[in-house]
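A short worksheet on the structure shown next.
The values are calculated or read from the model by the stated rules, or taken from the named source; none is laboratory data. Model, not experiment: these values are computed from the prediction. Cβ coordinates were reconstructed from backbone atoms using ideal geometry, including for glycine residues, and neighbour counts include every protein chain displayed. The protein model used for the area step is the full one, side chains on, heavy atoms only, and it has no ligands, DNA or RNA in it. Shrake-Rupley method; radii C 1.70, N 1.55, O 1.52, S 1.80 Å.
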Amino acid sequence: MAITPLMPVYPRCEVRPVRGEGVWLIGEGGERYLDFASGIAVNLLGHSHPHLIGAIQRQAETLMHVSNLYGSPQGESLAQRLVDLTFADTVFFTNSGAEAVECAIKTARRYHHAAGNPHKNKLITFSNAFHGRTMATISATDQVKLRDGFAPLLEGFEVVAFDDLDAALAAIDENTAGFLLEPVQGEGGIRPASQEFMAGLRKACDEHDLMLVLDEVQCGVARTGSLYAYEQYGIEPDILATAKGIGGGFPLGACLATEKAASGMVIGTHGSTYGGNPLAMAAGNAVLDVVSTPEFLAQVRETGQRLRAALEQMIPNHDGLFESVRGMGLMLGIKMKTDSRAFVGYLRTRGILTVAAGDNVVRVLPPLIIDDNDIRAFVDGLSAASADYEVPAEAA
Ligand SMILES: *Cc1c(COP(=O)(O)O)cnc(C)c1O
C-alpha cells in the first residue's frame, strides 16, 4: 500500500513543529521558525499563551463536555459577550469555520421560509471566495480546484464578480435570499471589499428584504484591527460566520445573527454534538478577554500600520519580485510578480512562515501580539531572502 496513514490531501512540507513559544515554532530537530502564518489566522495570541493555557487547563480539569441537551452557563457567558460586542442578538457555536458558514446559510434560508417565502433560497456569492470544504461551502464558490470531482453540488448559489456592485444587484431576482461574502477575501488573495460595495449590498438587502451574510472566518476576531471587519465599513450584517482566531488554536466557530435573521431557527432546526462545549467556551472566553478590549484593538491597528509601512519601504528594493502590499490591520498580503507559492516555500527554508494565497499573494498573518522586534525580524528576514531568491523557471 502506497497511501499514507494521513490522507494525502495536503502537500505537507518539511516543517514539522513540535512546540511553540509566542511568535516562534520549534521543529523536531530544534529548528526555529518565525511564525507569520499563525496556523492560517488562528493563533491570535501566539503559541503557549499563559492566559489561554490556564483557561483550558482549568476547564479540562473541571468539565470538558456535556450535551447541548443541558443548560450551559459557559456557553451563555460567551454568547452574551459576543452579543454585547457585535450586531448580533443570538449565537450558535460550531467546531469549525465551514460549520459556521453552513449554519449561516441555513439561517438565511430558514428566515425566508419562516416569513412564508420558501422560494427565496438562493444566495448570491462571489468569485474566488473561500467558505470551507463542505458540500454547501464548495457549492458557494466558483473555484474549480475546490469543486472538481464532487458533483452534484448543491443548488441555490449564484456566483458573480467580487466587489462589482452592479453585477451583484443585477443578479437579484424573486428567488434571492441574500448575499454571502468575505468582507476581506483571505484565500482568494487578501482582497478587501470596497466601501461602496459593502454599503451597496446593505442597502439592497434593506430594500429587498434580503440577508447580508458575512463570512468573517478569517478576517474576524480582531485580525483587521476591529473585532469584526464589518465595523470598519460602517454597516452591520444580518448573519455572520466566525471561527479560526476565536478559539486561539482550540477548534471553535460560531454563527451570529440578529433576532430577525434567526426567526426561523427554532427548537429542532439545527444542532451539533460538540458545538459550544465547556472546554471550547473556556478557550473562546480566554481569547476574548485579551483581544476585545479597545486598547488591544488599537494596538493591532498600530502594529498593522507599522508592519505595512516596513513592508512598503522594503519592496521597492526587490521590485522584480514584489508589486504591492494590501489588506487591513494584521491581515496583509504581498502581491508578487511571480508564483507566490514557490516563494513561500523558499521563505520556509529561511525559517520564515507565511501562507500562499490566490492571485500570487503572500499572506502575512502574524499572531496579534507581535512587537517591533518581531516586525524587524520578519522584514529583515524577508528582505535577505528576497535578495538571495532565484525565481524557479516554472514560477517565472
Ligand atoms: C478557513 C475559512 C473557512 C473554513 O474554515 P474551516 O475551519 O477550515 O472549516 C471558511 N471561510 C473562510 C473565509 C475561511 O478563511
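Taking a ≥ b ≥ c as the square roots of the eigenvalues of the alpha-carbon gyration tensor, region 227-282 is classed oblate because a/c is 1.5 or more while a/b is no larger than b/c. If you run the Gaussian network model on the chain, springs between alpha carbon atoms under 10 Å, then out of N317, N128, N43 the most flexible one is N317. Rounded to the nearest Hz, the phi-derived 3J(HN,Hα) couplings of region 277-287 under the Karplus curve 6.51 cos²θ - 1.76 cosθ + 1.60 (θ = phi - 60°) are 5, x, 5, 5, 5, 5, 5, x, 5, 5, 5, where x marks glycine and proline. Of interest is the spacing of the C-alpha centroids, which for region 114-141 and region 332-396 amounts to 33 Å.
A straight chain from N317 to T349 at 0.36 nm per residue would run longer than the Cα-Cα distance by 9.4 nm. What chymotrypsin sites (Phe, Trp or Tyr not before Pro) in region 133-162 are in a loop by DSSP, with at most 13 other Cβ atoms within 10 Å of the Cβ? Passing sites in region 133-162 are F150. Springs join every pair of Cα atoms under 10 Å in this Gaussian network model of the chain, and among A193, A229, A283 the largest mean-square fluctuation is at A193.
Could you tell me which of rounded, prolate or oblate describes region 268-396, using a ≥ b ≥ c as the square roots of the eigenvalues of the alpha-carbon gyration tensor, with rounded for a/c under 1.5 and, failing that, prolate when a/b is larger than b/c and oblate otherwise? Prolate, since a/c reaches 1.5 and a/b exceeds b/c.
Determine the per residue accessible area of the chain with all protein chains present and a 1.4 angstrom probe, expressed in square angstrom.
Accessible area per residue: 43 Å².
Proximity of backbone amide H atoms, modeled 1.01 Å from N, is registered between R19 and I26 at under 5 Å, excluding neighbours fewer than 5 places apart on the same chain.
Looking at the chain, send over the antiparallel percent of its DSSP beta bridges, to the nearest 5. Mind dumping the intermediate values first?
Numbers: 32 of 49 bridges.
Once the DSSP bridges in the chain are tallied, antiparallel ones form about 65 percent.
Annotation: amide H of D215 within the under-5 Å range of L181, E182, A241, sequence separation 5 or more or interchain, hydrogens built in the peptide plane.
Expressed as a whole percentage, what fraction of the accessible surface of region 51-291 belongs to carbon and sulfur atoms when a 1.4 Å probe is rolled over the protein heavy atoms? Heavy-atom surface of region 51-291 belonging to carbon and sulfur, 1.4 Å probe: 53 percent.
Rg(Cα) of region 1-149 divided by 2.2 N^0.38 Å? Walk me through the numbers on the way to the answer.
Details: Rg = 20.2 Å, N = 149, 2.2 N^0.38 = 14.7 Å.
In units of the globular-protein estimate, region 1-149 measures up at 1.37.
Compared with the direct C-alpha span, the chain from A199 to N175 gains 6.5 nm at full extension, assuming 0.36 nm per residue. Placing +1 on the Cβ of every Lys and Arg and -1 on the Cβ of every Asp and Glu, with nothing else charged, gives the chain a dipole about its Cα centre of roughly 720 debye. With 0.36 nm allotted per residue and the present C-alpha distance subtracted, the V266-V15 stretch has 85.8 nm of extension available.
Ordered from longest to shortest, the equivalent ellipsoid semi-axes for region 51-291 are 29, 19, 17 Å, each the square root of 5 times a Cα gyration tensor eigenvalue.
Placing +1 on the Cβ of every Lys and Arg and -1 on the Cβ of every Asp and Glu, with nothing else charged, gives region 173-270 a dipole about its Cα centre of roughly 420 debye.
Whole-Hz Karplus values for region 267-275 come out as 3, x, 7, 7, x, 6, 5, 7, x Hz, taken residue by residue from phi with 6.51 cos²θ - 1.76 cosθ + 1.60 and θ = phi - 60°; glycine and proline positions read x.
Normalised by the number of residues in region 240-348, the mean separation of alpha-carbon contacts (under 8 Å, six or more apart) gives a relative contact order of 16 percent.
Lysine pairs in the chain 8 or more apart or on different chains: how many have alpha carbons under 24 angstrom apart? Pairs that pass both the separation and distance tests number 15.
Distance between the 7 Å Cα→Cβ label points at L154 and R306: 4.3 nm.
The charge dipole of region 238-396, taken about its Cα centre with unit charges on the Cβ atoms of Lys, Arg (+1), Asp and Glu (-1) only, comes to about 260 debye.
Loop-resident GluC sites (Glu not before Pro) (DSSP state other than H, G, I, E or B) in region 116-185 with no more than 10 further Cβ atoms inside 10 Å of their Cβ: E155, E174. Ranking M64, N360, G271 by Cα position along the charge dipole of the chain, where only Lys, Arg, Asp and Glu carry charges on their C-beta atoms, puts M64 farthest toward the positive end.
Counting other Cβ atoms within 10 Å, which GluC sites (Glu not before Pro) in region 291-360 have at most 10 and lie in a DSSP loop?
Sparse-neighbourhood loop GluC sites (Glu not before Pro): none present.
Report the label-to-label distance for D359 and A387 in nanometres (one decimal), using points 7 Å from each Cα along the Cα→Cβ vector. Placing both labels 7 Å beyond Cα along the Cβ direction yields 3.1 nm. Between amide H atoms placed 1.01 Å from N, distances below 5 Å from F36 occur with L353, all of them 5 or more places distant or on a separate chain. Here the simple spin-label model places points 7 Å from the Cα toward Cβ, and for R341 and N285 these points are separated by 4.3 nm.
A simple rule links phi to the HN-Hα coupling: the Karplus curve 6.51 cos²θ - 1.76 cosθ + 1.60 with θ = phi - 60°, which for region 382-390 gives 5, 5, 5, 5, 5, 5, 8, 6, 10 Hz, with x for Gly and Pro.
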